[in-house]
Amino acid sequence: MEAIGELTDIDIAEAHQSKALMDQIEDSLRPQARALDFLQARRWTGAADAKDYQQTWVELLNHEYGDNLLESIELLSKRGIKLGSERQKRAHRIAQASRARAQNVRFLH
């Protein structure tokens, strides 16, 4: 962010450099954003999915889908992954629902 702040964007090359740096920052923060999106979507969910969100959240905290919370959220946020158990399918469905809600609502973190 500091490097972006130092650019003046006075010419097209610096504007492109600013955009490239910002894209890089957003890519590196994506796992954190997905975790925050999940938490916000969980707060917005209806009664029908509340239990599934809670169960998935507990599994995420217990590292059942990866070595840490952010890695797990990132994995479950991918589309088209192959899953074996019903528990994994449920977690994937919930992660996808939270991602869709975040895209529609555009949560502010």
Please rank MET1, MET22, fewest neighbouring Cβ atoms within 10 Å first, as an exposure proxy. MET1, MET22
Taking a ≥ b ≥ c as the square roots of the eigenvalues of the Cα gyration tensor, with a/c under 1.5 meaning rounded and otherwise prolate when a/b exceeds b/c and oblate if not, the chain is prolate
For the chain, the longest stretch holding no trypsin sites (Lys or Arg not before Pro) located in a DSSP loop with at most 16 other Cβ atoms within 10 Å is which? 1-77
Candidates ALA15, ALA33, ALA91, ranked by Gaussian network fluctuation over the chain, Cα under 10 Å, top entry: ALA15
If you find the alpha carbon centre of segment 73-107 and of segment 3-29, how far apart are they in angstrom? 30
Would you please name the GluC sites (Glu not before Pro) within segment 33-109 that are DSSP coil residues with at most 15 other C-beta atoms within 10 Å of their C-beta? GLU64
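Laboratory data are not the source of any read-out in this text; all were calculated from the coordinates shown. Just so it is clear, the structure is predicted and the values come from calculations on it, not from any experiment. Quick reminder, even Gly has a Cβ in these numbers, built from the backbone with ideal geometry, and neighbours come from all protein chains shown.
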